[in-house]
Each structure stands twice: as C-alpha cells, then as structure tokens.
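Report on one structure; see the data block that follows.
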Amino acid sequence: MTTITIPRIKKEIPLSILLLAIVALLGIFAMGTRWIYGLGVVTNLADTRPWGLWISFDLAVMAFSGSAFSIAALTHMFRRYKYHNIARVALISGFVGYISAAAALTVELGRPERLWHYFFYWNTHSPLFEVGMCVITYLLILTLEFLPILLKKLEWHAMMKGIHFFEIPIVAAGIILSSGHQSSLGSISLALPLKLHPLWYSPTLPIVFFISALTAGFAMAILVGLLGLRFFDDWNFKKGVFSGLGRYLLIALSITLVLKLGELVYAGEFNLIFENSYQSIMFIIENILYIAPIIILLIPKLNKSHPWIFRAGYLAVGGLVMHRFNVSFVGLAGAKYFPTWQELLSTAGLASIGIIIFWVIASNIPLMEEEH
Amino acid sequence: MMTKKTNNTCNTCISDITRRDFLKVTGAITGGLTAAGALTNNALASSSDRDIPLEDQKALLYDATYCVGCRECELACKEDNHLKEEDVDDLSGNTFTLIKLYQSEDGTESSFRKYQCMHCVEPACVISCPVGALEKSDEGPVLYEPLKCIGCRYCMQACPYGVPAYDWSESYPLIAKCDLCYDRTDGPACATACTPGALISGTRGELLKIAKERIAENPGKYYDDRVFGEHDGGGTSFLILSGVAFDKIGLPPLSEDSIPDYGHTATKAVPYIFGGAAGFMALAYRATMTAEERQELGKKHSEEKGETA
C-alpha cells in the first residue's frame, strides 16, 4: 500500500484572491435570489429578450476555454513540445472555464434541475443539443486529461499508467469535441436570420466561431501564462513560447478579421459599417480590438517583448468578448435590455469562482514539467 | 523547434505504445462517425415523411377583412385552456391568442390581426429545442411537452413570430403556447366562438382552396392576392388573408425557406466534420513526426510482423 498524500491549500492567501472571494460570495447570494424569486423578478429578460448577460457570459467563457484545445492541438497533434507547460496551464484554465460556464446554466435555465434531460431526450437537429452534448462529454475528457497531473501529485502510479495509455486518443477526442461545439455555438445563431443584425449574421458563423475560439485560446494562454509568471514562483516556460503564441495569435486574428470583413464585402453589406447606429459602432469597436493587436504583433520589436505581447493578448480578448456579446445581444432584435444588479453580480461571482478554483489548483499542483 | 521524442520523459507526453493505437483509434473514430452521420441524416430525412399528407392536416384560416375585433376568440381560448385573465400587449404565458388593431397614421387604412402560434410546416422551435420538448404532430399542430422542457428559451429566440412565451412570475418557469386545441374534435375553441366568420377551421388543403376562391372572387381586395402561410417561411397551418400589407400587421418578411433550412446544413454536417477532424489530426500527427520517430515506428512494425510470421 502506498500512502496517499492529500494536498493542503497553502496558508498565505494573496489579497487579490481574498477580494475575489468576497465577490464570489456576493455572486452566490445574487444567484440565490434567482433560485428563490425566479427569473422574472431578478432579471430584465422578457419574452422578446429571452437571452441576456448570462448567455453572453457563457459564450465568452467558452471561447476562452478554447485555450485548452488550441494549445493541446499545437503541443500534442502538431508536436510543438516546447508549448508543453503552457498546454497544461491552458488545460486547467479551459477546465475551470467550462465549469463556470456550466455553473452559469444553473441560474440561466428556467429549469436547471432538469439539465440531465440532455442525456435522455435527444433532438439531434438542434445546434444547442450539439453544444450541450459536446460540452458535457468534453468536460469528461478534460477531467481525464487533468487526471494524470492530479494522480502524479497523489502518487497513484498504477492508475496513472492506465490513463496514460489512452492519452493521445483522449487529447484527439477532446480537440474534436471542442471544435464541434465551438462551431455549433455559431450555428445557434443561424436560426435567427431575421433577428441577428446583418453585420454579424452570415452562413459562415460556425466557421467564424470556430476560428475565433482558436484565437481566443491563444490570447487566453498568453494572458494566463504571463500573469501566472508573476503569481507562481515555480512557473517556467521555454524560451520563445510567448512570441510563438503571439505569432499564432496574429495568424488566427487575421483569419478571423478577413473572414468577417470578407463575408460583409461578399454579401454587399460592407456599407452597414457606416450606418452610424448602435450596432455599427459596436461592430467598429469590436474590429478595432482585432486590428490593434494585429498591428502590435506585426511590429518586429514589439512582438518579441512580453509586455507588448500581453497587451496584444488582452486587446484580442476584449475584441472576442465583444464579438460574443454582439452576437448574443447587441446585434439581436428585441426588447431593450440592461442587466440587473443580480445578473451583473452573479456573473462577476461566477468569474471570480473560476479564478479562485484556478488559483487553488495552480498553487497546489505542480503544473510545470521539470527541466530535463 | 521539435524536441526529440527520446527527450520526452515527462509523464503526460506521448509514449511509444500509444502512437500506433492512436492511429488505429482515430481511423475507427473517423469511419464510425461518418457512418453514424450518414445514418442519422437518413433517419432525419425519413422522419419528415409524415403519415398524414400536408393538405389533410388540421389548419385554421384567418380572414382579417371579416374580423370585427370582438375578441370572443380570446375569451373562448382563455376558457378552454383555463388561463388567467390579464391585460397584455403581446402573447404571454397566459395569453395564447390576441387580437390587435393596426391603423395607418392618417386613419384611412386599418386591419385587425389575430396573433397566435402559426403551427409552421417546418417549425423553428421544433428544430431548436435541444431536448425535443416541442414537436410537430402528424395532425399538424405544433405541440409542447412541458415535462421535457429545461427552460433554455432557444425556441423563443428562434420563433420568427415571437410565439413561445414564459410565465415570468414563476421561479421555475415553463413555455406556453397555442396547441390548436389538439384534443378538441370540433375544431379550435377560438374558431367555434368566431361569429363574423373570420376564423374557419378545416384541413390545410380545404382552407387554401377557400382562400384562393376568395382572392379570385374579389380582385384587389386582398393584399398581394395571396395567402400568408402558403409558402412563407416554409408554410404554416395558420393561414392569413389580409386587406393591408402583411408587414403592417406585424408579419415577418420570410422567404420561402423555412428557418430550419438556414441552420440545418450546418447541423447535418457535424458528424462528417467530426470524422474529418479526426482524420486530419491523425494526418497531422503522422506528418509532423520527426525522421527518427518514423524510423523507430517502422522498426516496431517489422518486429511485429516477424512475430506473427
């Protein structure tokens, strides 16, 4: 019998985490109000505005959880092994992201207690079914990918070997599932040809969602990796990892931009950008947030410097968050909507819970592979 | 760039055994998913061949030029469905049908419009519901199964007519909408209550014939000389004749394509894409192999062959 050591949470908790914990508690309180008083009282949603902040949050968080599959593909499928350490960081952030997205569903759905219906009542025609199924299976896969790291810490070697045997198929399945659901998130909006503003509506939405999830993945890996270097002493990455990620981000961002603007030109809707409406202004801001990091990453000196790669990263994250918000409420016809304090607070709470879980995992489980 | 395989002593990197298994597994997945995709898509195609032909399905014709706005239909609907009285401007969880008045600014043109579920031939709500709580019955009406519903509200978002509605006062709300009085044998309650003859129930084929006769007998009376719902959005079972332009009485500018047509190609493609992605990754995995790794794989291969021989 081997002894099992269960990791203990480190004693010193930084101030930022404590503050996040307060936000998290307030968020749980706000979520409680929804469970007790109901959607009608707690949110500003209506029959003509059925989706609000929570759905947009889900879409955005799932895009950033794309870090798990984009970096995993890079490391394991395309064998860029220098990204191995960042792949593990991305895996954990994707895992945490999906968990907070799933947690958001417990307030967002009218009947959260029936989430299990997904397993029993299938409607394979529905893009939302595709999303739900892929996310549930993918969470399982992410757990399997995460297990070796955990099992190593717990020193359960026999079980680790068992999982290890299937590692590459597991990674491959994870990539397929997340590519599937990222593009299905775009297909959801295909059913809204009359509601979604033509600046965003296009038959290419599934492809746009897929490519932009890859983009978001690279941007998120840059942000988490560089922030983590400050917070965790044991974090280390091989030379050139971030400028490499910056290069992939540049490529992915450019494809996203060309795809989106190109579609507008092709459909003859390019002039809509200048119609000076609420939607067109939001569209312009969104695209500036794509173009700015592209410029930064094109300048030879800047694309080698960590602070500038970091800046490019968060600009890109901003642009992608805006895209998801624009598709899911700015560009959607319906009643006027601004989230209530309960919606805002519970969303902030869910994000904080995610960051706290990430911090707990990262400060207790060694994510970095030793030098060899 | 690429670290040699032998350098990867880490625990979560690729081990020798998994490499060939991986190729086999992905091959199996590729084939399996593609086959599954073909099968489910075939199943989808056959499920749309309904037992009852479209022209024999239950339908309702609303001739707005006959409607006087007495709202007897609203009352009959409330009574038959045991719904609460309420004062609302739009369909809601307690109001399945509503008469609204359109009046042009100069007051020369006016028309009533009956709002209710259009019972589309290819409904957007049915295709969007992830758990299949909405269903197009063989008889025509689009039915809702409250016990399945998880409350995601995708149907509300997808319906081009804004029909499915929530009871927002509930903590754990459900959708509600007209079911064309599925259980009644003498036609929907609203139609039996309609005294001016604006609402006629019957089969879709009969009603289209009546509507077309009216159009032919009264040239210029009906907008565009056509019935709304014959082809709009893939067709509906609630047909509308109107004296004023359809958009003025709040009918959406749908093409002849149904909403599911817009997205279905994408959903149908999913299994193939999954298969393709698996194949692509197997190729990428293979193609990015270093010369050394390839050599070693070849060696293993020949060793195995030797064993079996």
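Quick note: the coordinates plus some simple rules give every number you see, no bench work behind them. All values reported here derive from a predicted model rather than from experimental measurement. Positions of Cβ are generated from backbone atoms using ideal geometry, with glycine treated the same way; all protein chains shown enter the neighbour counts.
Projected over every direction and averaged, the convex hull enclosing the alpha-carbon atoms of the range A:88-144 yields 4.3 nm².
Taking every alpha-carbon pair under 8 Å whose residues sit at least 6 apart, the range A:243-306 reaches a relative contact order of 51 percent. Each of A:SER280 and A:ILE251 was given a label point 7 Å from its Cα along the Cα-to-Cβ line. The distance between the two points is 3.6 nm. Residue by residue along A:117-124, Cβ atoms of other protein chains within 10 Å of the local Cβ number 6 on average.
Mean residue ellipticity at 222 nm, helices only, the protein assembly as shown: -18500 deg cm²/dmol; runs of at least 4 DSSP H residues each add -39,500 (n - 2.57), and the sum is divided by the number of residues.
When you restrict to C-alpha pairs under 8 Å that are six or more residues apart and normalise by the size of chain A, the relative contact order lands at 32 percent. The length gained on full extension between A:SER305 and A:ASP233, counted as 0.36 nm times the residue separation minus their Cα-Cα distance, comes to 23.9 nm. Packing-based ranking of A:137-143, A:24-30 yields A:137-143, A:24-30, ordered from highest to lowest mean Cβ neighbour count within 10 Å. For the range A:8-71, the gyration tensor built on C-alpha atoms gives an oblate shape. Its axis ratio a/c (a ≥ b ≥ c) is at least 1.5, and a/b is not larger than b/c. Counting only Cβ charges, +1 for Lys and Arg and -1 for Asp and Glu, the dipole size of the range B:54-262 around its Cα centre is about 60 debye. For the range B:51-79, the residues whose amide N sits under 17 Å from a probe point set 7 Å from the Cα of B:ARG184 along the beta carbon direction are B:58-63, B:70-79. Applying 1/(1 + (r/R0)^6) with R0 = 41 Å to the Cβ-Cβ distance of A:VAL258 and B:LEU147, what FRET efficiency is obtained, to the nearest 0.05? Computed FRET efficiency for A:VAL258 and B:LEU147 comes out at 0.30. A Förster distance of 60 Å, applied to the separation of the beta-carbon atoms of B:GLU292 and B:ASP225, puts the FRET efficiency at 0.20. Magnitude of the charge dipole for the protein assembly as shown, about its Cα centre and with charges confined to Cβ atoms of Lys, Arg (+1) and Asp, Glu (-1), is about 3500 debye. Under 1.5 on a/c is rounded, so check that first for the protein assembly as shown, then, if it is not, pick prolate when a/b is larger than b/c and oblate when it is not; a ≥ b ≥ c are the square roots of the alpha carbon gyration tensor eigenvalues. It is prolate, given that a/c is not under 1.5 and a/b is the larger ratio.
Each of B:THR192, B:THR95 has some number of other Cβ atoms within 10 Å of its Cβ, and from fewest to most they run B:THR192, B:THR95. For the range B:66-86 versus the range A:71-117, the spacing of their alpha-carbon centroids is 49 Å.
Applying both filters, DSSP loop and at most 12 other Cβ atoms within 10 Å, to the GluC sites (Glu not before Pro) of the range A:139-207 gives A:GLU155.
Take each residue of peptide A:83-93, count the partner chain Cβ atoms within 10 Å of its Cβ, and average: the result is 1. A Förster radius of 22 Å combined with the Cβ-Cβ distance from A:SER243 to A:PHE78 puts the calculated FRET efficiency at roughly 0.80. Measuring from centroid to centroid over Cα atoms, what is the spacing of the range A:18-67 and the range B:122-174 in Å? First find each Cα centre; the distance between them is then 22 Å.
Extension gain, B:LEU54 to B:GLU139, is 29.7 nm, computed as 0.36 nm per intervening residue step minus the present C-alpha separation. Shown here for the range A:231-265: chymotrypsin sites (Phe, Trp or Tyr not before Pro) in loop regions (DSSP other than H, G, I, E, B) with at most 12 other Cβ atoms within 10 Å, of which there are none. The peptide list B:157-163, B:145-151, A:300-306, put in order of mean Cβ contacts within 10 Å with the highest first, becomes B:157-163, B:145-151, A:300-306.
Distance between the C-alpha centres of the range B:226-299 and the range A:267-307: 28 Å, rounded to the whole angstrom.
Here the average projected area of the convex hull drawn through the C-alpha atoms of the range B:46-193 stands at 10.4 nm². Taking every alpha-carbon pair under 8 Å whose residues sit at least 6 apart, the range B:150-309 reaches a relative contact order of 11 percent. The mean count of C-beta atoms from other chains within 10 Å of the C-beta of residues in A:161-168, rounded to a whole number, is 5. Figure legend: label point modelled 7 angstrom from the Cα of B:VAL88 along Cα→Cβ; residues of the range B:159-199 with amide N under 16 Å from it are B:159, B:161-180. Shape class of the range A:34-364 from the alpha-carbon gyration tensor: oblate, with a/c at 1.5 or above and b/c at least as large as a/b. Helices of chain A meeting both criteria, an alpha-carbon length of 20 angstrom or more along the long axis and an average Kyte-Doolittle score not below 0.0, with helices taken as full DSSP H segments, are A:15-37, A:84-108, A:127-154, A:167-190, A:205-231, A:241-266, A:278-298, A:306-325, A:341-364.
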